[in-house]
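Colleague: Have a look at this one.
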Amino acid sequence: MAFSGALTITDLDDFLTPSQACIIPVRGAKTTEDQGPTEIHIDDNNNYYEVSMYPAADAGPSNAKKALEKAEINLNDCLACSGCITSTESLLITMQSHLEVLEFIKTNPTNLDPDAPCHKPRLPILSISPQTLASLSAAYSSATSRPTIPLLILLRRLRAFLSQPEKGGWRVWDTTFARHLSLKETVVEYHERKDKKEKGKAVELPMLASACPGWVCYAEKAQGDLLPLLSAARSSQGIIGALAKQWYGHKTSHRPDEVYHVTAMPCYDKKLEASRSDFYSALYSTRDVDCVLTTGELDLLLQDLGFNPYLSVPGEDIPSSPSLDGSPFPELLNHEGSSSGSYLATLIRNVQTSHSNPTRITTREIRASTDNVEYLIHDTITGEVIFKGAKVYGFRNLQNLVRKVAKETGIGRAGRSGAGAGKLSLAVAARRRKARTAGGIATPTTDGSDAESIASLSLQSGDDRKLDFVEVMACPGGCVNGGGQMKPVTPAQVVKDSDAMEVDEEGYQRPLPDDGTAPTSTAKDGSAAVEGTDEGMRWSTKEWVAKVEEIYWTGLPTPPPSPPLTASNLDSSTFSAESKVNGNGQGRGISRDTDRLYTSDELAEEIVHEVCGDDSAKRWEFLRTRFRKVESDILAQGGVTHEAVVW
């Protein structure tokens, strides 16, 4: 299981399995001078001993053999160890997997009296990301050559199936309402930073989205100086965990430890996110998310339970409405922008609607990559660039982002460079502008209007403006191409037993070639994975990701009125004419989906007030999180550093 894309480390086994020893199995005390030379011996029970190399008569009975205490290693310790930077996900498969959920279903006493003081069953909740639903729909369709299943219908079928007592009696939700809260909090935090900066206070920009745990893990371990730039807003998983344990549990008379909460996510690194200390209640000794399943692991669980995705259920196509019997939140909210959370698009809409003059969005791809795109918002009256954002997907582009942000802010391993770095950047930008205009080349306009011309000229000055916000994702293509998603499949092809290779926990063949790109493989249901994975699309293909992306957008209850945010003539006056905009940039207009967003705003404020009241500190803990620079023992001892990362 690879670490969020194409990250590898030299001189390390990239596929460390749980059966292999940790690179720091024990921590021994420092050897004193009178101990002399010693060796570490391991007995048949895997116990470690420090044995003196002196003759037995000289060493004495107390020094001849000394038992060493084994290191106790948990998930958070794994984050601090560079030795397993690409293999942590493999270790977590056995710690958080569909087998754990199956064991819970078998042992949870759902048939006993719920009022029995010692045997009250835990309330099971499954929260599924929309990217997971899209990936499952694509896999079901490809494996059976049948039509894709719209996301809402698939969600309803999963709920009807898993809510059966013999299947666990689950409450099944999606995570889009939690994402709605995360987006709202991201906008609030951005304006807090912007206001402080305008008042001359020390605050760091650009703000970097932190919903991707692979990016967060990398930043904490290798780019600790950039952590002040990360958005503190919880991800959708972080918020749905708080909603399940703190709000919904209270409404249903369950303590947090009496709720068993599972999430289904497109990414293995979400397992790491769930283990963070900010998402743990010491009072009740429970985490906000008890177990994280990838899309592939959820598919295994459903196969073991006998789920038929094409079996219709009553009322599956009824429009979404909140119900405690189904979901207490609006289902599958549409946030136009990207399939990776729409953080940048939401902030762009907010900037547009809060600006007094009409605006225009322009975009430019960096090195012709759709995974590295800058977005500029221009005031069409003054020509000023009022906002500069970017979406940066994949570790290749992420490395360039780190360098760019370090140049703009002076933050980084080289330390703050002072004013010189800013002057140098301005000089480089000026030379680029001069080179572009030397040949008389001007950016064309769409209708020849004065406002359009001014905006086009303003685009040329975009190099002078520093980034305000970046939507960062570790996986090329974003969350729909997460490492835990379903692999490309074709209609079932039979593989002879003599030719079959060993398969891993998700039914895919191992061992993998050295480059980590999956060969032709067979899934557990007999479907064959597609050959020819594209460069940068580890475990996948561009065609497959495009299919999942299409299902993600077209399978929503109310498909978006236009494609995800691109360069366009959209301006704040057009957007405002359609909707009544509230303080968070969301509007209530004539469309049903916009009305659902407005309803979600009201419900979000109601829930936050119920949980936090007027306590700002409690609200911060409910909606935000912290990041910590990891100081690795391996780095301190001169071991592998982030400079060893190669592409």
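The values are calculated or read from the model by the stated rules, or taken from the named source; none is laboratory data. Just so it is clear, the structure is predicted and the values come from calculations on it, not from any experiment. Every residue, glycine among them, receives a Cβ derived from its backbone with ideal geometry; neighbour counts consider all protein chains shown. The accessibility values were calculated without ligands, DNA or RNA, using every heavy atom of the protein model including side chains. Shrake-Rupley method; radii C 1.70, N 1.55, O 1.52, S 1.80 Å.
Colleague: Under the Karplus relation 6.51 cos²θ - 1.76 cosθ + 1.60, θ = phi - 60°, what is the ordered set of whole-Hz ³J(HN,Hα) values for the range 330-346, x standing for Gly and Pro?
Modeller: x, 8, 6, 5, 9, 10, 5, x, 9, 7, 10, x, 6, 5, 5, 4, 5
Colleague: Working with all protein chains in place, sort Thr380, Thr294, Thr148 by solvent-accessible area computed with a 1.4 Å probe, largest first.
Modeller: On the way: Thr380 20, Thr294 0, Thr148 65 Å².
Largest accessible area first, the list is Thr148, Thr380, Thr294.
Colleague: Next question, about the same structure. Using a 1.4 angstrom probe on the protein heavy atoms only, could you order Thr625, Thr107 from most to least accessible area?
Modeller: Values: Thr625 10, Thr107 85 Å².
Listed by decreasing accessible area, they come as Thr107, Thr625.
Colleague: Taking all protein chains in place and a 1.4 Å probe, what share, in percent, of the accessible surface of the range 167-299 do carbon and sulfur account for?
Modeller: Values: 1710 of 3530 Å².
The computed percentage sits at 48.
Colleague: Here's another thing I want to ask about it. 5 Å is the cut-off here: which amide hydrogens, built 1.01 Å from N in the peptide plane, fall below it relative to Ile128, excluding neighbours closer than 5 in sequence?
Modeller: Placed amide hydrogens put Trp173, Asp174, Thr175, Ala264 under 5 Å from Ile128.
Colleague: Using the structure shown, select from Lys120/Lys618; Lys270/Lys487; Lys487/Lys542; Lys194/Lys388 the pairs with a Cα to Cα distance greater than 21 angstrom. Numbers along the way, then the final one.
Modeller: Values: Lys120/Lys618 29 Å; Lys270/Lys487 18 Å; Lys487/Lys542 12 Å; Lys194/Lys388 13 Å.
Going by Cα-Cα distance, Lys120/Lys618 fall outside the 21 Å limit.
Colleague: Separate question: About the Cα centre, and with charges only on the beta carbon of Lys, Arg (+1) and Asp, Glu (-1), how big is the dipole of the range 173-318? Nearest 20 debye, please.
Modeller: On the way: 17 positive and 21 negative charges, 137 e Å.
Around 660 debye, computed over the range 173-318.
Colleague: Given points 7 Å out from each Cα along the Cα-Cβ axis, report the Leu102 to Lys542 separation in nanometres with one decimal.
Modeller: In this crude label model, Leu102 to Lys542 measures out at 3.9 nm.
Colleague: Per residue, how large is the accessible surface of the range 246-304? Use a 1.4 angstrom probe and give square angstrom.
Modeller: Values: 1820 Å² over 59 residues.
Solvent-accessible surface per residue comes out at 31 Å².
Colleague: Amide H to amide H, which residues 5 or more places from Arg624 or on other chains are under 5 Å from it, using H placed in the peptide plane?
Modeller: Arg234
Colleague: Now for a different question. Long-range amide H contacts for Ser540: which residues qualify at under 5 Å (H placed 1.01 Å from N, peptide plane, sequence gap of 5 or more or a different chain)?
Modeller: Asp534
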